[in-house]
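Colleague: Right, I'll just put the structure down here and ask away after.
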Amino acid sequence: MMYALKHRLGITIKPELLFILSSFVVNGGNYIYNLLMGRILGPAAFADVAILITLLLVISFVAMTFQVVVSKFTVELNTSEIASFKKWVLQRATAVGFILGALTILFSKELQSFFNTSSSTMFLFFGIGIPVYFITSVHRGSLQGDTNFTALSGSYQMEMWVRLIGTFGLLFLLGLKPIESVSIAIAFSFVAGLFPWRKREGTKVAMPKLSTANKKLIKKFFLLTAFYECTQIICNNSDILLVKHFFDATESGLYASLALIGRVIYFITWMFVMLLLPKVVMLRKEGQKTKPLLIKYVGYISVFALCTTALAFLFPQTAVSLLFGEAYMSIANLLGWYALATSLFAISNIFAYYFLSLDQYLPILFSGIMGIAQVLLVVFFHDSLFQVVLMQIIAMAVLLVLQLAYFFKYDAK
């Protein structure tokens with residue numbers, strides 16, 4: 001859609017701006033998808049869909065490890081080693097994808113029991129698509145590292161539209177159950193995310209192997225990135241999973257809608273992280289200062305997060321009524337507080353990725369510690385949904401303080 005508009009109007013759009021505009025469309029489409037499901041199904045049935053969507057986010061964070069690694073070293077490695085590097089990562093991403101997919105299928109009954117879902121079939125379809133998503137992550141990392149934001153935008157667009165159209169096509173045209181429609185559409189959207197796939201260029205000349213030194217650097221960065229992505233999973237998704245375990249279906253569905261509204265802050269700010277990482281690596285490689293770029297992006301995210309949180313506190317009932325309907329009105333009083341928790345995490349997140357791209361890893365440890373602290377706080381204090389949100393605010397506030405303290409200390413060197 002973005003490309004058709006660009007060519008029809010004859011407008012020249014910078015790739016970075018195109019990616020930002022495309023991200024708004026993708027996030028908007030994903031939000032419409034979730035909102036429609038929430039309105040159609042009601043809180044109790046929506047809880048099952050929310051679990052599947054949350055697991056999709058969990059898998060996306062795991063796969064993001066490969067995307068970040070490919071993006072970073074596509075910039076840093078010598079041109080002669082890049083082809084071997086991408087092949088090396090692709091093999092490992094595919095293996096991890098098959099392992100996780102097989103485990104999801106094998107333990108589908110156990111997943112149904114733990115999350116109190118109505119079906120185990122949803123996990124079977126979801127598991128089938130997981131390996132493809134990991135291959136897609138390597139493809140996207142290559143596009144991101146090459147700053148090919150036009151093609152990267154196309155990949156995210158295809159994934160979103162196939163999931164959106166596929167779900168409602170299966171639901172209304174073929175009459176499948178809602179949870180089956182969602183899980184099948186998600187599997188097909190993973191395949192769609194491979195677009196646009198670039199064929200290898202050149203002849204069948206033997207590719208120079210990665211040097212031992214570079215392999216060590218890549219493995220070290222990979223392990224640290226994997227650790228950080230695990231902290232992302234904990235900080236950003238553990239609350240929904242724990243609420244689904246500790247609360248009944250109706251309250252879980254209500255909380256899922258709350259999380260969906262509040263997390264608009266995180267998903268909008270994520271596009272700035274995607275732009276930031278390759279730029280920081282390139283600036284460091286060229287010997288230029290990276291701090292001004294960080295300050296600019298932190299400014300963008302902080303202003304957006306502050307304005308969105310303020311609106312959530314001022315007009316919670318209006319937001320819930322417009323987005324989900326009267327059936328979800330009981331969570332309106334929590335909306336501002338959840339937006340605050342998400343804002344604190346979003347700002348902390350950009351500091352962590354900035355230092356990750358500079359090979360400074362202590363901020364990742366901060367995220368891991370506070371992610372675990374958040375889980376423990378929710379496990380021990382979950383008498384109400386408000387208490388669950390409050391525990392997240394405490395953990396994320398401490399995390400942001402730690403990230404800021406490290407930034408000022410690092411900047412003073």
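The values are calculated or read from the model by the stated rules, or taken from the named source; none is laboratory data. These figures come from a predicted structure and were not determined experimentally. Glycine also receives a Cβ, built like all others from the backbone with ideal geometry; neighbour counts cover every protein chain displayed.
Colleague: When both residues are 6+ apart or on different chains and their Cβ atoms are under 9 Å apart, which pairs have a first residue that lies in the range 48-68 and is in contact (Cβ under 8 Å) with a residue 24 or more places away in the chain and among the charged types (D, E, K, R), and a second that is surrounded by fewer than 24 Cβ atoms within 10 Å (Cβ to Cβ) and assigned to a helix (DSSP H, G or I)?
Modeller: Hits for this filter: 48/41; 48/178; 48/179; 48/249.
Colleague: Still on this structure: Restricting to the range 103-123, and then to whatever is under 22 Å from the mean Cα position of the chain (by Cα) and assigned to a helix (DSSP H, G or I), can you tell me which residue is surrounded by the fewest Cβ atoms within 10 Å (Cβ to Cβ)?
Modeller: Of the range 103-123, the ones under 22 Å from the mean Cα position of the chain (by Cα) are 103-104, 111, 115, 122-123.
Applying the additional criterion that residues be assigned to a helix (DSSP H, G or I) yields 103-104, 111, 122-123.
Working: 103: 13, 104: 20, 111: 20, 122: 28, 123: 25.
If we take residues in the range 103-123 being under 22 Å from the mean Cα position of the chain (by Cα) and assigned to a helix (DSSP H, G or I), then 103 is surrounded by the fewest Cβ atoms within 10 Å (Cβ to Cβ).
Colleague: Now for a different question. Collect the residues in the range 353-381 that are within 16 Å of residue 231 (Cα to Cα) and free of Cβ contacts under 8 Å to residues at least 12 places away in the same chain, keeping them in residue-number order.
Modeller: Those that are within 16 Å of residue 231 (Cα to Cα) and free of Cβ contacts under 8 Å to residues at least 12 places away in the same chain: 365, 369, 376.
Colleague: For the range 78-96, enumerate the residues that are at pLDDT 85 or above, within 22 Å of residue 280 (Cα to Cα) and either touching a Leu at 6+ places or on another chain (Cβ under 8 Å) or not aliphatic (A, V, I, L, M) (or both).
Modeller: Matches in the range 78-96: 85, 86.
Colleague: I've got another one for you. Whether any residue in the range 58-79 is under 14 Å from the mean Cα position of the chain (by Cα) and either more than 30 Å from residue 215 (Cβ to Cβ) or of a type in the set (D, E, K, R) (or both) is what I want to check. Walk me through it before giving the result.
Modeller: Within the range 58-79, the subset under 14 Å from the mean Cα position of the chain (by Cα) is 58-68.
From the residues that got through so far, the ones that are either more than 30 Å from residue 215 (Cβ to Cβ) or of a type in the set (D, E, K, R) (or both) too are none.
No, that holds for no residue.
Colleague: Sticking with this structure for a sec: Looking at the structure I just gave you, is residue 45 crowded, with 21+ Cβ neighbours inside 10 Å and either more than 27 Å from residue 279 (Cβ to Cβ) or over 18 Å from the mean Cα position of the chain (by Cα) (or both)?
Modeller: Taking the combined requirement at face value, the residue does not satisfy it.
Colleague: Which residues, counting only those in the range 311-339, are surrounded by fewer than 22 Cβ atoms within 10 Å (Cβ to Cβ) and either within 11 Å of residue 263 (Cα to Cα) or small (Gly, Ala, Ser) (or both)?
Modeller: 319, 321, 325, 327, 330, 332, 336
Colleague: Could you check residue 79 against (1) closer than 15 Å to residue 52 by Cα; (2) exposed (fewer than 15 other Cβ atoms within 10 Å of the Cβ); (3) not hydrophobic (A, V, I, L, M, F, W, C) and say which number it fails?
Modeller: Going through (1) closer than 15 Å to residue 52 by Cα; (2) exposed (fewer than 15 other Cβ atoms within 10 Å of the Cβ); (3) not hydrophobic (A, V, I, L, M, F, W, C) one by one, residue 79 breaks only (1).
Colleague: Considering only residues that are at pLDDT below 85 and not β-branched (Val, Ile, Thr), look in the range 53-71 and name the one that is surrounded by the fewest Cβ atoms within 10 Å (Cβ to Cβ).
Modeller: Checked the range 53-71; the qualifying residue surrounded by the fewest Cβ atoms within 10 Å (Cβ to Cβ) is 57.
Colleague: If I filter the range 295-310 for residues that are closer than 30 Å to residue 217 by Cα, among the β-branched types (Val, Ile, Thr), surrounded by fewer than 14 Cβ atoms within 10 Å (Cβ to Cβ) and free of Cβ contacts under 8 Å to residues at least 60 places away in the same chain, do I get at least one hit? Write out each step before concluding.
Modeller: Narrowing the range 295-310 to residues closer than 30 Å to residue 217 by Cα: 295-298.
Applying the additional criterion that residues be among the β-branched types (Val, Ile, Thr) yields 295, 298.
Going one step further and asking which of them are surrounded by fewer than 14 Cβ atoms within 10 Å (Cβ to Cβ), we end up with 295.
Applying the additional criterion that residues be free of Cβ contacts under 8 Å to residues at least 60 places away in the same chain yields 295.
Yes, there is a match, as at least one residue in the range 295-310 is closer than 30 Å to residue 217 by Cα, among the β-branched types (Val, Ile, Thr), surrounded by fewer than 14 Cβ atoms within 10 Å (Cβ to Cβ) and free of Cβ contacts under 8 Å to residues at least 60 places away in the same chain.
Colleague: Now, a different point. Name the one entry in 174, 170, 152 that is buried (at least 17 other Cβ atoms within 10 Å of the Cβ) and either closer than 27 Å to residue 44 by Cα or at pLDDT below 80 (or both). Write out each step before concluding.
Modeller: Details: 174 fails: buried (at least 17 other Cβ atoms within 10 Å of the Cβ); 152 fails: either closer than 27 Å to residue 44 by Cα or at pLDDT below 80 (or both).
Just one listed residue meets the conditions, 170.
Colleague: Further question: Could you run through the range 223-276 and say how many residues are outside any helix (DSSP H, G or I) and more than 16 Å from the chain's Cα centre (by Cα)?
Modeller: Within the range 223-276, the first condition is being outside any helix (DSSP H, G or I), and the residues that meet it are 247-248, 263.
Subsequent filtering for residues that are more than 16 Å from the chain's Cα centre (by Cα) retains 247-248.
So the answer is 2.
Colleague: Being of a type in the set (Val, Ile, Thr) and more than 28 Å from residue 21 (Cβ to Cβ): is that true of residue 273 here? Full working, then the answer.
Modeller: Numbers: of a type in the set (Val, Ile, Thr): yes; more than 28 Å from residue 21 (Cβ to Cβ): no.
Against the criterion (of a type in the set (Val, Ile, Thr) and more than 28 Å from residue 21 (Cβ to Cβ)), residue 273 does not qualify.
Colleague: Going residue by residue through the range 396-405, is there one that turns out to be modelled with pLDDT of 90 or more and under 24 Å from residue 31 (Cβ atoms)?
Modeller: Residues of the range 396-405 that are modelled with pLDDT of 90 or more, as a first pass: 396-405.
Still in the list and also under 24 Å from residue 31 (Cβ atoms): 396.
Yes - at least one qualifying residue is present in the range 396-405.
Colleague: Hey, does the range 162-183 have a residue that's touching a residue at least 24 places away in the same chain (Cβ under 8 Å) and under 17 Å from the mean Cα position of the chain (by Cα)?
Modeller: Yes: the range 162-183 contains one or more residues that are touching a residue at least 24 places away in the same chain (Cβ under 8 Å) and under 17 Å from the mean Cα position of the chain (by Cα).
Colleague: Does the range 384-400 include one or more residues that are loosely packed, with under 15 Cβ neighbours inside 10 Å, part of a helix (DSSP H, G or I) and not basic (Lys, Arg)?
Modeller: From the range 384-400, those loosely packed, with under 15 Cβ neighbours inside 10 Å are 384, 386-387; that's our starting set.
Adding the requirement that they be part of a helix (DSSP H, G or I) leaves 386-387.
Subsequent filtering for residues that are not basic (Lys, Arg) retains 386-387.
Yes - at least one qualifying residue is present in the range 384-400.
Colleague: May I ask you to verify whether residue 384 is of a type in the set (Ser, Thr, Tyr) and either within 27 Å of residue 247 (Cα to Cα) or free of Cβ contacts under 8 Å to residues at least 60 places away in the same chain (or both)? Can you show your working first?
Modeller: Values: of a type in the set (Ser, Thr, Tyr): yes; either within 27 Å of residue 247 (Cα to Cα) or free of Cβ contacts under 8 Å to residues at least 60 places away in the same chain (or both): yes.
So residue 384 passes the test.
Colleague: Another question, if that's okay. Restricting to the range 124-145, name every residue that is hydrophobic (A, V, I, L, M, F, W, C), buried (at least 21 other Cβ atoms within 10 Å of the Cβ) and within 15 Å of residue 87 (Cα to Cα).
Modeller: Of everything in the range 124-145, those that are hydrophobic (A, V, I, L, M, F, W, C), buried (at least 21 other Cβ atoms within 10 Å of the Cβ) and within 15 Å of residue 87 (Cα to Cα) turn out to be 134, 138, 143.
Colleague: So, one more: Taking the range 29-46 as the region of interest, how many residues are of a type in the set (A, V, I, L, M) and over 12 Å from residue 178 (Cα atoms)?
Modeller: Pass one, the range 29-46, residues of a type in the set (A, V, I, L, M): 32, 35-37, 40-41, 44-45.
Among the residues that remain, those that are also over 12 Å from residue 178 (Cα atoms) are: 32, 35, 44.
So the answer is 3.
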